[in-house]
Amino acid sequence: MLDDILSARADLVPAERRDQPSHQLSWAVCRLMNPMMGVAALQLGHYPSSTTDTGQLPYQRWTPCDDQAMEARKNPNYLKAVAKAVQEFRAALVEFLELHVINEGFGSLAPGIAPAVIPLDEADPDEITRRREKVTRLAGRASAAAQLTATSISVQGPMGSDVVDPFMNWVTITRPKPMLESVDVLSACDYALGKLEELILRAEAEIPPTVGAEAMHPAAWGPIARLWRDGHFREAVAAASESVVAMVKARTKRNDVSATDLWRQTFSDKDPRPGQPRLRWPGDPNDQDVKTMNSGLLSFAPGMQMTIRNSAAHSLSELDEQAALERLSALSLLARWVDECDIVEAPISLTE
């Protein structure tokens, strides 16, 4: 019967391919089992052999996540871009399938032999080509998802059981003896998108918190905004240091000692004197946590003056933005602690 079919329809087979047994089988069986294929079946080629003419496998194997891909999984912006590429690939594939008959699953014709999708008779071949090229281009953009999400499909390939990349191998659904079906590729897209959503949430949760300079204490940021935006980071840090000192001078009403001595006297554990008020951490002075904060401020504030302010004011070397931001953060923290402290003044003595 097969020979009769081939003889009767030999005029439809290109002369140079009539003697290829693999082509004869694929064309004849598909044409016999599915008359809707028409001449389109002749354009689908022959069965893929175990390797191509270059000795390469006729499909793209899936490869596990390497170090570079593992690092990329920490970048939520990159993951979002890959997810968008997968969405676009899936949408383009659905558009491509609209021009085809789905020949898959229970009741399909010549399962495992005929292509998983077959062009509609009324479909414009040029439009099919345009959509196929679009899907292939977007498959390249979405291909990173296979590694990032460990999305793969196990198949029985020409060399035995194998694991393949569903994005790079999507086109096999259009060929005889298809390796994949359209439902495989669409399901792989859905799984990859779900996995990418989970990876994005995890990556965003692991991003270290970032604080812009504008969020600093007004005493640290207010006077330096122009310097900072113009890139004068060392000068900005020096100006912020002076501003925080001015804030303490205003609270203590003192301008009679150097900045370092002012910090030492302001946070001194000695009782306040007339004209020499103290700043104390709020709470019970006998509480251990309060004692620790007062002791820490006595060391921290003068140390900030000597290390941050003096180096910024007297050094000629420039600071980069990150180094300046770290110093500005420390000054902002000190300013907030000064705000939180209570001012304690010496009792006023009454004389006759």
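The values are calculated or read from the model by the stated rules, or taken from the named source; none is laboratory data. The model shown is predicted, which means the values in this text are computed figures rather than measured ones. Note: ideal-geometry Cβ built from the backbone for every residue, glycine included; neighbour counts use all protein chains shown.
Taking the stretch 187-202 on its own, how many of its residues are of a type outside the set (Ser, Thr, Tyr) and surrounded by fewer than 16 Cβ atoms within 10 Å (Cβ to Cβ)? Steps first, answer last, please.
Filtering the stretch 187-202 down to residues of a type outside the set (Ser, Thr, Tyr) leaves 188-190, 192-202.
Add one more test, that the residue is surrounded by fewer than 16 Cβ atoms within 10 Å (Cβ to Cβ), and what stays is 190, 194, 197-198, 201-202.
Final tally of qualifying residues: 6.
In this structure, does Val171 turn out to be surrounded by 21 or more Cβ atoms within 10 Å (Cβ to Cβ), β-branched (Val, Ile, Thr) and within 36 Å of the chain's Cα centre (by Cα)?
Taking the combined requirement at face value, the residue does not satisfy it.
Output the qualifying pairs, or none if there are none: Cβ atoms under 6 angstrom, residues six or more apart or on different chains, first residue in the stretch 307-324 and in the same structural domain as Glu235 (by TED's automatic domain parsing), second residue surrounded by 11 or more Cβ atoms within 10 Å (Cβ to Cβ) and aliphatic (A, V, I, L, M).
Within 6 Å, the pairs are Ala312/Val237; Ala312/Ala238; Ala313/Ala238; Ala324/Val237.
Criterion first (among the hydrophobic types (A, V, I, L, M, F, W, C) and closer than 17 Å to Gln322 by Cα) does Ala250 satisfy it?
So Ala250 fails the test.
Within the stretch 249-274, count every residue that is touching a residue at least 60 places away in the same chain (Cβ under 8 Å) and assigned to a loop (DSSP other than H, G, I, E, B).
Of the residues in the stretch 249-274, 3 are touching a residue at least 60 places away in the same chain (Cβ under 8 Å) and assigned to a loop (DSSP other than H, G, I, E, B).
Right, Ala330: in a helix (DSSP H, G or I) and not acidic (Asp, Glu) or not? Quick ask: steps written out before the conclusion?
Details: in a helix (DSSP H, G or I): yes; not acidic (Asp, Glu): yes.
Considered against the rule, which asks whether it is in a helix (DSSP H, G or I) and not acidic (Asp, Glu), Ala330 comes out as yes.
Any residue in the stretch 138-154 that is touching a residue at least 24 places away in the same chain (Cβ under 8 Å) and over 29 Å from the mean Cα position of the chain (by Cα)?
Looking through the stretch 138-154, none of the residues is touching a residue at least 24 places away in the same chain (Cβ under 8 Å) and over 29 Å from the mean Cα position of the chain (by Cα).
Kindly establish whether Ala346 is surrounded by 12 or more Cβ atoms within 10 Å (Cβ to Cβ) and under 20 Å from Ser258 (Cβ atoms).
Judged against the criteria, Ala346 is not a match.
What number of residues within the stretch 276-295 are touching a residue at least 24 places away in the same chain (Cβ under 8 Å) and not in a helix (DSSP H, G or I)?
Final tally of qualifying residues: 7.
With Pro302, Pro272 as the choices, which residue is farther than 26 Å from Pro223 by Cβ, buried (at least 19 other Cβ atoms within 10 Å of the Cβ) and in contact with an Asp or Glu (Cβ under 9 Å, 6 or more places away or on another chain)?
None of the others qualify; the one that does is Pro272.
Here is a check on your reading of the model: is Leu298 of a type outside the set (Gly, Ala, Ser), in a helix (DSSP H, G or I) and over 30 Å from His232 (Cβ atoms)?
Spelling it out, Leu298 is indeed of a type outside the set (Gly, Ala, Ser), in a helix (DSSP H, G or I) and over 30 Å from His232 (Cβ atoms).
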